[in-house]
Amino acid sequence: MKKLIAILLLFAPLLISAETKSQEPRPVTAVRSLSPIKIDGILEEPIWNSEGYAGFLQSEPEDGAPATEKTIVWIAYDESGIYVAARMYDAQPEGIVSLLGRRDVEVDSDWFTFAVDPYFDRRSGFQFSINPAGAILDGTLFNDEFKDMTWDGVWEYASRVDEEGWTAEMHIPYDQLRFKKQDSYTWGVNFFRTIKRKNEMSAFAWIPKEESGYVSRFATLTGITQIQPRRLLEFLPYAMAKAHLSPSVPGDPFRTGTDFDGNLGFDMRSTLKTHLTLSMTVNPDFGQVEVDPAVINISDQETYYAEKRPFFVEGADIFRFGYGGANAVRNLGWSDPRFFYSRRIGRSPQGYVLSPGYVDYPEWTTILGAAKVTGKLAEGLNLGVLTGLTRREFAAVEWEGDRSSHEVEPLSFYGVIRSQKEIKDGFQGLGFIATGVLRDSQDPGLAARLPHQALTLGLDGWTFLDKDRTWVVTGWIGGTRIEGTREAMTRVQLSSLHYYQRPDVDYVSLNPDATSLNGWAGRIYLNKQKGRFVFNTAVGAMSPGFNAMDMGYHSRGDKINAHLEAGYQSFHPDRVFRNWKMTLATYRGYDFGGVRTDEYYILNANAQFLNYWGASLYWSYDPNRTSHYFTRGGPYMLYPWGIMRRLSLSTDNRRRVVLGIGGHWRTHPYGAWNYSLVASLQWKPTDNFRISLGPGYSWRHSVGQYIRKVPDETKPETYGVRYVMSDVIQETASLEMRIDWTFTPRLSLQAYLQPFMGIGDFFKFKELHAPRTFDFDVYGEGVSTITQKDGIYTVDPDGPGPAPEFSFRDPNFNLKSLRGTVVLRWEYRPGSTAYLVWTQNRADYAHPGDFDFGRDVSLLFRAKGDNIFLLKFNYRFTF
């Protein structure tokens with residue numbers, strides 16, 4: 001490690017080298033329109049006959065060179081909003097790439113983008129894009145260089161292709177923007193153009209590749225005066241009808257094969273002041289959201305799924321914590337906790353039904369209502385508040401003619417508040433986040449499982465170290481506290497996040513009388529923001545008691561981690577590459593007992609060739625280390641060294657057919673190894689139809705897979721417990737298929753389909769011989785015996801010795817799953833949408849441990865499935 005650090009430090013004298021400097025962009029003036037402007041893409045209004053603004057400079061492919069085609073932009077305004085018109089001249093109008101895509105899908109076409117910073121804080125704003133076919137993108141800008149394209153504004157737009165090139169017009173109402181009311185306004189503004197056939201990107205306010213910043217480099221917009229922006233009040237009621245068709249189960253009163261349901265609710269949005277927005281949802285339904293992909297998880301950690309529900313996705317950037325200031329936050333061997341993970345609100349119920357009988361178990365927890373307030377309280381002070389209330393959920397049970405209900409999720413309140421103050425135009429920042437979960441469990445069994453209160457508090461901030469904002473220090477620190485019954489807190493301490501029952505550590509211990517658990521975590525980063533030389537480092541720690549899982553998401557704690565990364569990147573073409581980047585990195589991790597649990601040495605490289613193909617290379621080496629997670633709460637166990645290699649290659653995305661291929665190969669001693677192959681295919685046969693395929697296959701042979709633990713006083717070497725392990729060969733084969741068929745910019749059909757097969761073959765059962773080793777006593781060798789009958793293994797670990805026999809189920813599995821969603825979306829008027837949705841799920845579990853591709857595919861498509869048909873309408877009222 002010392003040698004690698006020495007090599008990395010050789011970069012240090014080069015990190016302060018001079019970089020390319022941009023010029024101050026020309027200011028822009030908006031002109032008041034005294035006559036109506038029709039948004040039709042025909043620039044025939046007199047106000048568009050003025051000189052306009054031109055002089056775009058390239059960022060791709062020749063950074064800083066004049067754009068190869070002329071672009072002229074005009075800005076006007078009236079009492080309703082701001083207008084943008086653009087004329088994109090093109091010497092070859094027949095070469096304009098005009099693909100039609102559904103909203104917020106960045107198809108590979110020509111684009112025109114208008115970006116605006118109405119607060120003029122040089123750190124936030126809005127972005128609106130349109131292509132020649134009329135497809136649009138819109139989103140918000142934050143932290144100077146970050147974008148969140150989940151926001152959907154209501155604005156008018158049109159584009160048109162003609163013999164001179166193409167044109168675009170936009171009308172953005174003031175109520176879709178956030179700004180402080182004044183007599184006259186100064187905003188930030190920029191314009192961008194993409195010419196896809198040339199892979200050319202240009203901007204009015206050019207940002208050199210060697211420099212950082214985005215919003216902070218916008219041109220200045222003046223001229224907007226004496227306007228009276230109206231307050232936004234938006235009301236969107238919805239109605240939904242659903243039919244659930246599934247295989248009937250004889251004798252089960254809850255699974256008759258058909259189930260019909262309907263629902264009503266509404267969303268509301270209003271500006272409290274010009275710069276604060278209130279959003280509410282009452283009895284929401286998210287049936288149009290794409291299903292989660294199938295996964296196989298045989299670890300002791302929860303699977304993370306991305307949020308897809310519109311109410312929680314839109315504007316989520318304001319709740320991001322710990323990332324301010326830096327334009328890149330690297331986490332090597334570390335995963336920052338999410339203090340707010342919105343999928344906790346409305347999650348699957350967490351209780352169990354132990355009584356016999358047929359059970360009707362709710363799939364999700366009903367959200368009675370949720371509200372959020374986002375915006376700015378004052379100059380540079382951002383605020384986000386979100387609350388949600390979920391219903392007490394019951395599972396219905398019927399047994400021998402009697403029907404009863406069992407509480408499986410308590411009435412719960414969720415709340416989060418996030419605020420951040422930007423100082424000296426973003427040179428420094430300081431913020432906090434606080435979350436809370438309150439549960440009212442009426443069932444004693446549920447109270448014994450779940451904490452009744454969970455609180456978190458975090459502070460974050462940043463400061464640049466030089467006036468050019470090349471170097472930045474950013475960081476965060478936070479604490480957690482959960483409270484509950486003794487049974488609930490014992491369960492938390494025993495969970496995979498904590499493992500307080502570990503027998504060979506003295507800094508944590510199981511406390512069966514505890515009614516609360518506290519923890520803390522924090523991390524600090526140093527990042528070089530711009531230039532050809534790359535440098536970043538960080539150090540962080542998460543205490544054994546840190547637990548933000550009731551409202552957030554994170555991996556286990558008891559970790560101290562530090563990393564160091566340095567490298568070089570080239571932004572300009574040479575004889576082989578258009579651009580490339582290579583870094584060397586190392587990181588180490590320790591637990592709070594000072595035991596080294598992680599160590600890696602990494603080479604990472606990626607490049608784009610002159611023909612616009614891309615490639616990446618990754619290589620890493622991790623020496624022997626120890627971990628208590630392999631025994632899942634038992635003693636430390638050695639984790640043998642390994643080497644990882646990863647490669648990928650992709651073709652030019654301008655083509656009708658775009659290909660990508662990649663894979664990895666990892667080896668360990670003792671015969672363990674794994675590999676994967678993935679591919680991607682995107683086919684664009686017409687301008688409005690695209691098919692994407694993503695097949696993948698992985699194979700893994702592990703020689704130390706945890707099975708279970710068996711208390712046995714005759715095994716003193718491992719503290720009176722036998723830790724049963726096995727070899728396992730795990731295979732997965734999957735295909736993700738997406739179809740996007742866009743009929744008009746407001747009418748589209750999207751389909752998602754994922755066949756998935758995951759097989760696990762467990763064999764060579766054994767037990768850990770001694771702590772801090774990778775040595776095993778294999779069952780069936782020597783005097784020990786192992787037998788199997790009817791899917792149950794029975795083990796006698798010492799034959800004629802005093803150790804008792806024990807049994808466990810055959811852990812083999814064979815999951816064959818097919819999940820799919822088809823959504824027809826029609827925005828029949830601005831902000832009002834109709835959805836027709838078909839969702840299907842089917843699964844088969846036959847032949848555990850045995851993978852036969854042809855047989856398993858046949859069984860999958862013959863399996864009976866659940867089909868859900870949903871029709872949903874909403875209508876936007878404005879007042």
Per 10 Å bin, what is the whole-percent P(r) computed from every C-alpha pair distance within region 384-472? 14, 27, 20, 16, 12, 7, 3, 1
Once you've got the Cα coordinates, tell me which of LYS70/LYS581; LYS38/LYS181; LYS209/LYS528; LYS528/LYS581 are over 20 Å apart. LYS70/LYS581; LYS38/LYS181
Cβ-defined net charge surrounding ARG666, 11 Å radius [Lys, Arg +1; Asp, Glu -1]: +2
Suppose a student asked you for the relative contact order of region 56-97, using Cα pairs under 8 Å spaced at least 6 residues apart; what percent would you report? 28
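Could you state the accessible area per residue of region 43-125 in Å², with a 1.4 Å probe and every protein chain left in place?
That works out to 36 Å² per residue.
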Using a 1.4 Å probe over the heavy atoms of the protein chains, calculate the carbon and sulfur portion of the accessible area of the chain as a whole percent. 58
Per residue, the convex hull volume that the Cα atoms of region 427-532 enclose (Å³): 139
If you plug each phi of region 223-231 into the Karplus form 6.51 cos²θ - 1.76 cosθ + 1.60 with θ = phi - 60°, what whole-Hz ³J(HN,Hα) values come out, in order, with x for Gly and Pro? x, 7, 9, 6, 10, 10, x, 7, 7
Using C-alpha positions alone, give me the convex hull volume of region 766-879 per residue in cubic angstrom. 252
Rule-of-thumb Rg ratio for region 606-689 [Cα; 2.2 N^0.38 Å; N residues]: 1.63
Where does each of MET737, MET637 land when they are ordered by accessible area, with a 1.4 Å probe and the largest first? MET737, MET637
Rank-order 420-433, 651-664, 65-78 by packing density, defined as the average count of other C-beta atoms within 10 Å over each peptide's residues, highest first. 65-78, 420-433, 651-664
Starting from the Cα of ASN331, step 7 Å along the direction of its Cβ; do the same at TYR618; then give the gap between the two resulting points in nm. 1.5
Within the set of other residues whose C-beta is less than 9 Å from the C-beta of ASP175, count the net charge using Lys and Arg as +1 and Asp and Glu as -1. +1
Cα→Cβ-extended label distance, 7 Å offset, between PHE413 and HIS769, nm: 5.8
Can you list the HN-Hα couplings for region 32-43, worked out from phi with the Karplus curve (6.51, -1.76, 1.60; θ = phi - 60°), rounded to whole Hz and with x for Gly and Pro? 5, 8, 9, 9, x, 10, 8, 8, 9, x, 9, 8
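Treat every Asp and Glu Cβ in the chain as -1 and every Lys and Arg Cβ as +1, leave all other atoms uncharged, and give the resulting dipole magnitude about the Cα centre to the nearest 20 debye.
Details: 96 positive and 103 negative charges, 272 e Å.
That gives a dipole near 1300 debye.
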A correct Kirkwood calculation over the Cα atoms of region 68-142 returns a hydrodynamic radius in Å of 14.0
In whole Å, how far is the Cα centre of region 754-807 from that of region 122-196? 62
Could you give the radius of gyration (one decimal) and Dmax (whole number) of the Cα atoms in region 55-111, in Å? 14.4, 41
Unit Cα scatterers, Debye sum, region 515-591: log10 I(q)/I(0) for q = 0.21 Å⁻¹: -0.93
At 20 °C and 1.002 mPa s, the Stokes-Einstein diffusion coefficient in µm²/s for the chain, with hydrodynamic radius from the Kirkwood sum on alpha carbon pairs, is 70
Starting from the Cα of ARG829, move 7 Å in the Cα-to-Cβ direction to define the label point; list residues of region 68-110 whose amide nitrogen is under 16 Å from there. none
Using a Förster distance of 56 angstrom, determine the FRET efficiency expected from the C-beta separation of PHE592 and GLU400, and round it to 0.05. 0.60
At a threshold of 8 angstrom on Cα-Cα distance, excluding pairs fewer than six apart, so keeping six or more, what relative contact order does region 702-838 reach in percent? 22
Theoretical FRET efficiency, 1/(1+(r/R0)^6), r = Cβ-Cβ of MET644 and GLU363, R0 41 Å, to 0.05: 0.60
Mean Cβ neighbour count within 10 Å, used as a protection proxy, ranking 124-130, 347-353 highest first: 124-130, 347-353
Protection proxy (average C-beta count within 10 Å per residue), highest first, orders 53-60, 502-509 as 53-60, 502-509
For region 468-617, take N as its residue count and report Rg(C-alpha) divided by 2.2 N^0.38 Å. 1.43
Modelling each spin label as a point 7 Å along the Cα-to-Cβ direction, I'd like the PHE260/GLU51 distance in nm, to one decimal. 6.9
Taking the chain and dividing mean pair separation by its residue count, relative contact order in percent (alpha carbons under 8 Å, at least six apart): 9
How big, in percent, is the set of alpha carbon pairs in region 315-421 lying more than 23 Å apart? 50
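Do me a favour and compute the ellipsoid semi-axes for region 127-230 from its Cα gyration tensor, root of five times each eigenvalue, largest one first, whole Å.
24, 20, 14
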From the residues GLY213, ILE172, VAL189, which one has its Cα farthest along the dipole of region 145-213 in the positive direction, the dipole being from +1 and -1 charges on Cβ of Lys/Arg and Asp/Glu about the Cα centre? GLY213
Work through the residues other than GLY458 whose Cβ is under 14 Å from its Cβ and net out their charges, Lys, Arg +1 and Asp, Glu -1. +3
Taking the dipole about the Cα centre of the chain, with the C-beta of Lys and Arg at +1 and of Asp and Glu at -1, give me whichever of TYR706, ILE868, ILE482 is farthest to the positive side. ILE482
Is it possible to state the helix-based mean residue ellipticity at 222 nm for the chain, with each DSSP H run of 4+ residues giving -39500 (n - 2.57), the sum divided by total residues, to the nearest 500 deg cm²/dmol? What is it? -1000 deg cm²/dmol
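The values are calculated or read from the model by the stated rules, or taken from the named source; none is laboratory data. Small disclaimer: the values here were computed from a predicted structure and weren't measured. Positions of Cβ are generated from backbone atoms using ideal geometry, with glycine treated the same way; all protein chains shown enter the neighbour counts. For accessibility, only protein heavy atoms count, side chains too; no ligands or nucleic acids. Shrake-Rupley method; radii C 1.70, N 1.55, O 1.52, S 1.80 Å.
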